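The values are calculated or read from the model by the stated rules, or taken from the named source; none is laboratory data. Small disclaimer: the values here were computed from a predicted structure and weren't measured. Here the Cβ is made from the backbone with ideal geometry for all residues, glycine too, and neighbour counts use every protein chain on show.
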Amino acid sequence: MAVTIGKLGEVGDDETDVFGWVADAKFDADGNIVVLDRMAQEVRVFDIAGRFLTKFGGTGDGPGEFRDPVGLATLSGGRIVVSDRRGHLEIFAREDSGYVYAGRQPVPSDLRIREGVCHIGGRLFLSVWEQESNAVIHEVPLLSKGVARSFGKGYGARYPLVQRLLTDGPIGCFGDPVQIVFAFEQLPVLRSYSADSGAELWTAVVADYMQGQIVENRGTGSVGYLSGLKDVAMAAMGVGGEHILYQTGRGERAAPDEAEIRSYLVDAASGNGALVSTSLPIVSDVTDTHILGYWVTGIPRVEVRRLAPRNKAKGE
């Protein structure tokens, strides 16, 4: 293990390594660790050794402020995009003094971001259910209005509220040509799409997924979740261009901070895969040398692990 950032704090702590709720974490272009604290509604940046560098954001409706931030993406040129559930994408640019607010990415008003974003090769994608088309993935051209393309198929149901609740889920961008992988949060289904055509490449069903009991309340268009052990999709991301790391949290609905994180390695070409670990954190970024992840169990913290060197001659 390289470094762990995060410790037990007390009410009123303003220490930079005390987190309230880690919602996302990414490496930037310089290898620094960018952490989104959903409870503090701010972004903190650390170097690879875990030393605090800077922070930005805060609670509010003004420029560069957040209301329930859920995800971030680190772009080329040192820019950072933060998504929140108002449907805003706030953009920050790096300067010598730190990060400064650089503008807001226009997003159609009917797209309310509930999950994170993913970014690859200058392209930004959102996971948002759109009622009219039942699409779940949307490509947003940076600093331009509208949506370039919407694709992917959401859950089919009579009531829009039920559709929305059962179509939430994380996405990941990876590969060349680019694939977008989408995981239904409450269902044992993982799908991969072509980012260029929007065509579905494959659908995988997770055989050992522990399905929670979901009850549709007739006549009201709402759903209820019964108590008991269940799996919830936490992350889906590309690893090395040839594989997908799909992760679920298994636990009681009333105690999500005690969930067991289950990690599956999936073949990106076919959708076949298997459970490989129950000891990893939620993995949010991977480079050739490091894995970055965060824990939702116990003390909120971020963890960096070094990867063993690959033997390219043997294809390992």
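What to note about this one:
- Of the criteria (1) crowded, with 20+ Cβ neighbours inside 10 Å; (2) closer than 16 Å to LYS230 by Cα, which one GLY172 fails: (2)
- Scanning segment 201-210 for residues that are surrounded by 13 or more Cβ atoms within 10 Å (Cβ to Cβ) and outside any strand (DSSP E or B) yields VAL206, TYR209, MET210.
- Segment 65-100, residues that are in a loop (DSSP other than H, G, I, E, B) and either more than 20 Å from GLU139 (Cα to Cα) or aromatic (Phe, Trp, Tyr) (or both): GLU65, ARG67, ASP68, ASP96, SER97
- When VAL43, VAL18 are checked against the criterion of being in a loop (DSSP other than H, G, I, E, B) and of a type outside the set (Ser, Thr, Tyr), a single residue qualifies: VAL18.
- All positions within segment 216-270 that are among the basic types (Lys, Arg) and over 18 Å from the mean Cα position of the chain (by Cα): ARG218, LYS230, ARG253
- In segment 177-197, the residues that are in a strand (DSSP E or B) form Cβ pairs under 8 Å with partners that are acidic (Asp, Glu) and at pLDDT 95 or above, at six or more places apart or across chains, as follows: ARG191/GLU200; SER192/GLU200; TYR193/GLU200.
- When GLY62, GLY103 are checked against the criterion of being in a strand (DSSP E or B), surrounded by fewer than 19 Cβ atoms within 10 Å (Cβ to Cβ) and modelled with pLDDT under 90, a single residue qualifies: GLY103.
- Matching residues in segment 83-105 - criterion: being polar (S, T, N, Q) and at positive phi: none
- The single condition among (1) closer than 20 Å to TYR294 by Cβ; (2) surrounded by 15 or more Cβ atoms within 10 Å (Cβ to Cβ); (3) of a type in the set (Asp, Glu) that GLU90 does not meet is (1).
- Index of the failed condition, TRP129 passing every other in (1) buried (at least 16 other Cβ atoms within 10 Å of the Cβ); (2) modelled with pLDDT of 90 or more; (3) aromatic (Phe, Trp, Tyr): (2)
- Residue selected from segment 65-87 under the condition charged (D, E, K, R), within 19 Å of the chain's Cα centre (by Cα) and buried (at least 17 other Cβ atoms within 10 Å of the Cβ), by the criterion modelled with the lowest pLDDT: ASP84
- Failed item in (1) of a type outside the set (Phe, Trp, Tyr); (2) within 23 Å of ALA23 (Cα to Cα); (3) touching a Ser or Thr at 6+ places or on another chain (Cβ under 8 Å), with GLN179 passing the rest: (2)
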